[in-house]
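Participant: If you scroll down you'll find the structure; I have some questions about it.
The values are calculated or read from the model by the stated rules, or taken from the named source; none is laboratory data. This one's a predicted model, so the numbers in the text were calculated from it and none came from an experiment. Positions of Cβ are backbone-derived with ideal geometry, glycine not excepted, and every protein chain shown enters the neighbour counts. These area figures cover heavy atoms from the full protein model, side chains too; ligands, DNA and RNA do not enter into them. Shrake-Rupley method; radii C 1.70, N 1.55, O 1.52, S 1.80 Å.
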Amino acid sequence: MGIIVANLFITLDGVYQAPGGREEDPEGGFAFGGWQAPVSDDEAGASIADEIGRMDALLLGRKTYDIFASYWPHQSGDIADALNRVPKFVVSGTLADPDWAGTTVLPDAAAAGGLRDGYGQLHMFGSGMLIRSLLAANVLDRLHLWLYPVVLGQGKRLFDEGTVPSTFTLAEQARSFPKGAVSLVYERAGEVETREMDAG
């Protein structure tokens, strides 16, 4: 069985909105689109490219799919070639006729979980709402956070109200990059446990 890996570029205060450009996602009057590039570097970029190179299929939520589908089919290079080549799946209740070649529409997170029977590594990028849905359906296998040294104070946050309480375990050694970004790969470990701290 394959795995679903959610890759998310995120700030210290948990914001994932519009890392790639000023006009990427201005919803809610978000004023900091394009926050990722100034705190990225060649090593972080190469690591992200390596992650993209591992995927056998791409899984996206509707909003991120619309952003990707309007941009990547018109680009060239290794990343564009990989994204355009692999099968793509978008979870949406409203999209009927996707125009990005190789795209299949799925009705819900449970259907996305079924893709693990056919692919080794399904990778997601962005798609915070879908990540929460996959966690709720218990079909997200890995959460790969690219944590950047930025605090924005506004924007869409990954773990907002309604998040399913969960614990995670570190699946790979954490890796830091020259401008302060950190790569953290987690696997779900189970429910949240509580206890008192020992006095010692």
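Participant: Work out the charge dipole of segment 18-136 with +1 on the Cβ of Lys and Arg and -1 on the Cβ of Asp and Glu about the Cα centre, then indicate which of 30, 131, 19 is farthest towards its positive end.
Facilitator: Selected residue: 131.
Participant: Under a 1.4 angstrom probe, counting protein chains only, how are 182, 151, 139 ranked by accessible area, largest first?
Facilitator: Of 182, 151, 139, the descending order of accessible area is 151, 182, 139.
Participant: While we're looking at this one, here's another question. What share of the DSSP beta bridges in the chain is antiparallel, in percent to the nearest 5?
Facilitator: Roughly 35 percent of the DSSP beta bridges within the chain come out antiparallel.
Participant: Taking H placed 1.01 Å from N in the peptide plane, check which residues at least 5 places from residue 121 or on another chain put their amide H under 5 Å from its amide H.
Facilitator: When sequence neighbours closer than 5 places are left aside, the close amide H contacts are 3, 56, 57.
Participant: What ranking do 42-49, 122-129 get when scored by the average of other Cβ atoms within 10 Å per residue, highest first?
Facilitator: Ranked from most to least packed, the peptides come out as 122-129, 42-49.
Participant: Along the charge dipole of the chain, which of 146, 70, 46 sits closest to the positive end, that is, farthest toward it, with unit charges on the beta carbon of Lys, Arg, Asp and Glu (+1, +1, -1, -1)?
Facilitator: 70
Participant: Taking the Cα centre as origin and putting +1 on Lys and Arg beta-carbons and -1 on Asp and Glu beta-carbons, what dipole magnitude results for segment 77-179, to the nearest 20 debye?
Facilitator: Here segment 77-179 has a charge dipole of around 320 debye.
Participant: Just to verify a number: what accessible area does residue 167 come out at with the full protein assembly present, 1.4 Å probe, Å² rounded to tens?
Facilitator: 50 Å²
Participant: Would you work out which of 170, 120, 102 lies farthest towards the positive end of the dipole of segment 99-200, given +1 charges on the beta-carbon of Lys and Arg and -1 on that of Asp and Glu, about the Cα centre?
Facilitator: 102
Participant: Note down the net charge around residue 25, summing +1 for each Lys or Arg and -1 for each Asp or Glu among other residues with Cβ under 11 Å from its Cβ.
Facilitator: Here the count lands on -1.
Participant: Which of the GluC sites (Glu not before Pro) found in segment 100-200 are in a DSSP loop and have at most 14 neighbouring Cβ atoms, other than their own, within 10 Å?
Facilitator: For GluC sites (Glu not before Pro) across segment 100-200 that sit outside H, G, I, E and B with at most 14 neighbouring Cβ atoms in 10 Å, the list reads 161, 172, 191, 193, 196.
Participant: With charges set only on the Cβ (+1 for Lys and Arg, -1 for Asp and Glu), what does the dipole of the chain come to about its Cα centre, in debye to the nearest 20?
Facilitator: 140 debye
Participant: Note the direction-averaged projected area, equal to a quarter of the hull surface, for the Cα convex hull of the chain, in nm².
Facilitator: Answer in nm², one decimal: 12.9.
Participant: Just the number please: accessible area per residue for the chain, 1.4 Å probe, all protein chains included, in Å².
Facilitator: Ligands and nucleic acids excluded, the result is 53 Å² per residue.
Participant: Okay, next question. Please work out the Cα convex hull volume for segment 42-153 and give it in Å³ per residue.
Facilitator: Each residue corresponds to 126 Å³ of Cα convex hull volume.
Participant: How high is the relative contact order of segment 94-172? Use alpha-carbon pairs under 8 Å, at least six apart in sequence, and give a whole percent.
Facilitator: Here the relative contact order equals 27 percent.
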